[in-house]
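Student: Pasting a structure here, questions to come.
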Amino acid sequence: MEKGKFALIVALTAVLILCAGAYIFVSCRKETGETTTAAATTQQTAPSTLKPTEEPTSAETTAKTETTTQSGTEERTGTQPSTKPQPVDEENPYAYAGIKPVVIDPYEGEWNLLLVNINRRLPFDYAADLAQAAPGYDTKLDARAAPHYRDMFNAAKKDGLTLVPLSGNRRISTQRTNFENKIAYWQNRGYSKTEATRKAAQTILPPGCSEHNAGLAMDICSLDVSFEKTDEFAWLQKHAADYGFILRYPAGKKDITKVNYEPWHWRYVGVDAAKEIKAGGQCLEEYLGLG
Ligand SMILES: [Zn+2]
């Protein structure tokens, strides 16, 4: 009996050891498997863990695409000003062509000596008080200059000549339209906007830069250089200073006036100044020391 019990205990112990060994073996296999599985899962999930990074990547790509689209739009917007008007500085609408006149105060100093040219413009809202320049014509001048033109007109009439007042005061808005039309004229002939503006300024002064905008100048009888060969021009050369008018853009002064010779364009400056300017062979810029 003792032997039988001993044998049973040994057998049970052996079974327990075997079971324990088997459990440990299986457990080890199981753990290894899990680890392997974990590693495999890690590897498998590696792509999936990349996915979140891929998604941002693709989101970035999308963002980049959008950015590209946006910047493309911006670029398109940026390139549009070549065909659409650019936002401009209202005070200097032609600055892109180097035209940046200072704004003068038309009420400062002697009104008859007001210097208006491509470097000195009137405020865009300036409007002179006007008066009819000659009997029988609608053309107007600054009300302070108009009586002097009338006197000159009447004096020439007595000599048998008609100093036709073709163009006197011109509104700044009209000057702007004329100038813009001239820019368009040159653009339509293939010039860039900048080049077209510079060319326009050679024949039409920018708005506010013309003496016509001040109502102080009159284009008489013609707008052609051939006017210099007429009796009317000869009469003006002889008598205009007596009425306070000067030939504003004489031949040979373009470097200073920036305007071609215009035998038809006469400017009121007052009798004293007109006589001095005529005697000195000057243009108004030289006379005023503002050339
Ligand atoms: Zn003129």
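No lab work stands behind these numbers, since they all come straight from the coordinates. It should be emphasised that the depicted structure is a prediction, and the values quoted were computed from it without experimental measurement. We place every Cβ from the backbone using ideal geometry, glycine too, and count neighbours over all the protein chains shown.
Student: Sticking with the crude label model, points 7 Å out along Cα→Cβ, report the distance from Ala234 to Leu130 in nm, one decimal please.
Tutor: So the label points at Ala234 and Leu130 sit 3.4 nm apart.
Student: Next up: Can you give the FRET efficiency to the nearest 0.05 for Glu108 and Ser167, using r as the Cβ-Cβ distance and R₀ = 35 Å? All intermediate terms of the calculation are to be shown ahead of the outcome.
Tutor: Numbers: r = 26 Å, r/R0 = 0.75.
Between Glu108 and Ser167 the formula returns 0.85.
Student: Can you find, among His148, Ala128, Val116, the residue sitting farthest towards the positive end of the charge dipole of segment 116-155, where Lys and Arg contribute +1 and Asp and Glu -1 at Cβ?
Tutor: Val116
Student: Enumerate by residue number the trypsin sites (Lys or Arg not before Pro) in segment 180-236 meeting two conditions: DSSP loop (anything except H, G, I, E, B), and at most 12 other Cβ atoms within 10 Å of the site's Cβ.
Tutor: Details: sites: Lys182, Arg189, Lys193, Arg198, Lys199, Lys229; in loops: Arg189.
Those satisfying the criteria are Arg189.
Student: Something else: Can you divide the C-alpha Rg of segment 155-240 by 2.2 N^0.38 Å and report the result to two decimal places?
Tutor: On the way: Rg = 16.2 Å, N = 86, 2.2 N^0.38 = 12.0 Å.
In units of the globular-protein estimate, segment 155-240 measures up at 1.35.
Student: Once you place label points 7 Å from the Cα toward the Cβ at Lys157 and Arg144, how far apart are they in nm?
Tutor: In this crude label model, Lys157 to Arg144 measures out at 2.6 nm.
Student: Test of understanding: what is the full-extension gain from Gln187 to Val271, defined as 0.36 nm times their sequence separation minus their Cα-Cα distance? Mind dumping the intermediate values first?
Tutor: Details: separation 84, 0.36 × 84 = 30.24 nm, distance 4.29 nm.
Full extension of this stretch gives 26.0 nm more.
Student: Within the set Lys199/Lys238; Lys254/Lys275; Lys182/Lys238, which residue pairs have Cα atoms separated by over 32 Å?
Tutor: Details: Lys199/Lys238 34 Å; Lys254/Lys275 21 Å; Lys182/Lys238 35 Å.
Listed pairs above 32 Å: Lys199/Lys238; Lys182/Lys238.
Student: Between Asp224 and Tyr96, how high is the FRET efficiency from 1/(1 + (r/R0)^6) when r is the Cβ-Cβ distance and R₀ = 35 Å? Nearest 0.05. Can you show the working numbers first?
Tutor: Details: r = 32 Å, r/R0 = 0.92.
It comes out at approximately 0.60.
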